[in-house]
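Chemist: Structure in structure tokens, see below.
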Amino acid sequence: QVQLKESGGGSVQAGGSLRLSCTASGYTYSNYCMGWARQAPGKEREVVARLERDGSTTYADSVKGRFTIGRDNAKKTLYLQMNSLKPEDTAMYFCAASTVDCADYALYTRLFNYWGQGTQVTVSS
């Protein structure tokens, strides 16, 4: 069992930046596939960034070039650096982890079997 907890959300003007963090606790596996997903009201949850077990990264087209996913293995922390934020980025952002190999799949939410509770990001015009 692993517990994930997000932090770093908040309100920001369009064009601004935020850095989200996700800490893992409990019984953890050292080589998870990890990612960030978001969900806006009335919309499906979508994966926006994923860190593969081999260290490579995958991004949704909507955030490519603006968001960066990374990790600190020693601190068991995943982060999401979000730059050039747009109002359409407004959503609840979730940290997620999977013990399976994600590398050969598209950004499916169903690949993840551990989820945090989310942190709200609001981008205003």
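Chemist: What lysines sit close enough to Lys5 to cross-link, taking a C-alpha to C-alpha distance under 21 Å and skipping anything fewer than 8 places away on the same chain?
Modeler: Counting by Cα, and skipping residues close in sequence, Lys5 has these lysines nearby: Lys75, Lys76.
Chemist: Another question, then. Rounded to the nearest percent, how much of the accessible area of the chain (1.4 Å probe, protein heavy atoms only) is carbon and sulfur?
Modeler: Accessible surface attributable to carbon and sulfur in the chain totals 46 percent.
Chemist: Can you give the local net charge around Ser84? Use residues other than it whose beta-carbon is closer than 15 angstrom to its beta-carbon, Lys and Arg +1, Asp and Glu -1.
Modeler: That works out to +1.
Chemist: May I ask for the Kirkwood hydrodynamic radius of the stretch 54-125, worked out over all distinct Cα pairs and given in angstroms to one decimal?
Modeler: 13.8 Å
Chemist: One quarter of the convex hull surface, Cα atoms only: what value does that give for the stretch 8-77 in nm²?
Modeler: Directional mean of the projected Cα hull area for the stretch 8-77 stands at 6.0 nm².
Chemist: Once you wrap a convex hull around the alpha carbon atoms of the chain, what is its projected area averaged over all directions, in nm²?
Modeler: 7.0 nm²
Chemist: Here is a follow-up. To the nearest 20 Debye, how big is the dipole of the stretch 62-125 about its Cα centre, given +1 on the beta carbon of each Lys and Arg and -1 on that of each Asp and Glu?
Modeler: 140 debye
Chemist: I need the peptides 32-39, 4-11, 45-52 ranked by packing, meaning the mean over residues of other C-beta atoms within 10 angstrom, with the highest value on top.
Modeler: My ranking of the peptides, most packed first, is 32-39, 45-52, 4-11.
Chemist: Right, something else. Counting only other residues whose beta carbon sits under 15 Å from that of Ala14, what net charge do I get with K and R as +1, D and E as -1?
Modeler: Taking every Cβ under 15 Å from that of Ala14, the sum is 0.
Chemist: Moving on. Let's see if you can work this out: charge +1 on each Lys and Arg Cβ, -1 on each Asp and Glu Cβ, no other charges. What is the dipole magnitude of the chain about its Cα centre, in debye to the nearest 20?
Modeler: With only Lys, Arg, Asp and Glu charged at Cβ, the dipole is about 260 debye.
Chemist: Which whole-angstrom value gives the distance between the alpha carbon centres of the stretch 99-113 and the stretch 7-84?
Modeler: 14 Å
The values are calculated or read from the model by the stated rules, or taken from the named source; none is laboratory data. On a predicted model such as this, the values are computed, not experimentally measured, just so you know. Neighbour counts are summed over all protein chains in view; Cβ atoms, including those assigned to glycine, are modelled from backbone coordinates with ideal geometry. Please note that ligands, DNA and RNA were not included when accessible areas were found on the heavy atoms of the full protein model with its side chains. Shrake-Rupley method; radii C 1.70, N 1.55, O 1.52, S 1.80 Å.
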